[in-house]
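Asker: Submitted below is the structure of interest, expressed as C-alpha cells.
Bear in mind these aren't lab numbers, they're just calculated from the coordinates by the rules spelled out. Predicted, not measured: the structure shown is a model, and the values here were computed from it. Virtual Cβ from ideal backbone geometry, glycine too; neighbours counted across all protein chains shown.
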Amino acid sequence: MDRFDAIRTLLAAVDGGSLSAASRKLGMPLPSVSRKVSELEAHLGTQLVVRTSRKLLLTDAGSAFVMASRRVLEDLEAAERTAAGEYTEPKGALVVTAPTMFGRLHALPVVNGFLAAYPDVMVQLMLTDRVAHFLDDQVDVALRIGPLPDSNLIATRLGAVRRVVCASPDYLSAHGTPAVPEELTRHSVISYEDVTSSGSWAFEHNGAELNVSFRSRLSVNTIDAAIVAGLAGAGIIRTLSYQVVDYVRSGRLQVILAPFEIAPRPVHLVYDKQGRLPLKLRAFVDFVVPRLRETVAQAEL
C-alpha cells in the first residue's frame, strides 16, 4: 500500500464529503477509492470513517488522523518545493482563476507580462464565473469581484467596479430615458441570469435598498450576449462598469439611473498564505498587484 496515496485519497473523500466525490475529483474508480480507504484503516487498525448513504463521517480517530495528515502533506509539499528550488528563485507552476470577462480583458495581458519577466514560471489561467475553491480546484491565486467571506486567505484590494444600467442612445431616443428605477417596468429589459435575477434588480435610494421587478423580454446566459443586444438597441442592460467602459466612452452606450446605483463591488487578489510563501507566488503578487490596480482605475466610468 502506498500510504501517501491512500492518505490523499482519504483527504479527497473528507473534503468532498463522500467516496463518490473523491472518485470524481481524483478520476479514480469508486471501488478503488473505497479499497484505498479500507486498506489505510486496516494498516492503522482503527476505523477512520463512517460511510452513510449520503455522506462520509469521521470517527474521533479519523478526525485526529486527518488533522495530522494534513500537516504531514503540507510539510512534504514544502520540502518538495525547497528541493525544486521554489524558495531560491521563482520557478514552477501557478494556477490562477479570474472572472471570465475580467480575466480576458485585464488579467490576461498582465499575466503575459509576468510570464515574459519570469521565464521559469508557468501559469494556468482558469477563466470562470463560478467561485473556484482553493482546495478543490488547487488554485494558488484568485481574482474576485464582490464582497469576500471571512476566511484565512490573504486579500489585497485592487479597486472597485460599479454595477451600471445602460442602453444605446437609439433605444433611449425611441423609448425615453427612465428617471427612476420604477420606470423600468415600461421598458424592454435584457437580463443576464448569472449576474442578477431575470425578474428584478436591486437599487439604493436615500440609504435604503430598493428592489424593482420587471418583465424581461430577453434573458441571456452570458454578459457578452447582453452587451451585444444592448448595443443593437434591443433594450436596457445591467453590467459591471469595466465590461462596458469603452462603449460608454465612445457613446455607443449611455449610463442611466446612476443616482440609484448600489455600492461599488470591490476587486481583490486573493491567495492562501500557509507557512513559507514560494517565490513564484510572491513574484506573481508583487508583479500583478500594481498593474491590476492601474488597470481597474483606468476602467472606471
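Asker: Residues that are within 29 Å of Gly103 (Cα to Cα) and either without any contact (Cβ under 8 Å) to a residue 60 or more places away in the chain or in contact with a Ser or Thr (Cβ under 6 Å, 6 or more places away or on another chain) (or both), at least 2 per element: which helices (runs of 4 or more DSSP H) completely within the range 165-253 meet that?
Answerer: Here the list reads 223-231, 241-250.
Asker: Can you name every residue in the range 250-281 that is within 27 Å of Thr177 (Cβ to Cβ), in contact with a helix residue (DSSP H, G or I) (Cβ under 8 Å, 6 or more places away or on another chain) and hydrophobic (A, V, I, L, M, F, W, C)?
Answerer: Those that are within 27 Å of Thr177 (Cβ to Cβ), in contact with a helix residue (DSSP H, G or I) (Cβ under 8 Å, 6 or more places away or on another chain) and hydrophobic (A, V, I, L, M, F, W, C): Leu253, Val255, Ile256, Leu257, Phe260.
Asker: Now for a different question. Among (1) surrounded by fewer than 19 Cβ atoms within 10 Å (Cβ to Cβ); (2) touching a helix residue (DSSP H, G or I) at 6+ places or on another chain (Cβ under 8 Å), where does Phe284 come up short?
Answerer: (1)
Asker: Condition test on Ile262, is it in a loop (DSSP other than H, G, I, E, B) and within 13 Å of Arg163 (Cα to Cα)?
Answerer: It is true that Ile262 is in a loop (DSSP other than H, G, I, E, B) and within 13 Å of Arg163 (Cα to Cα).
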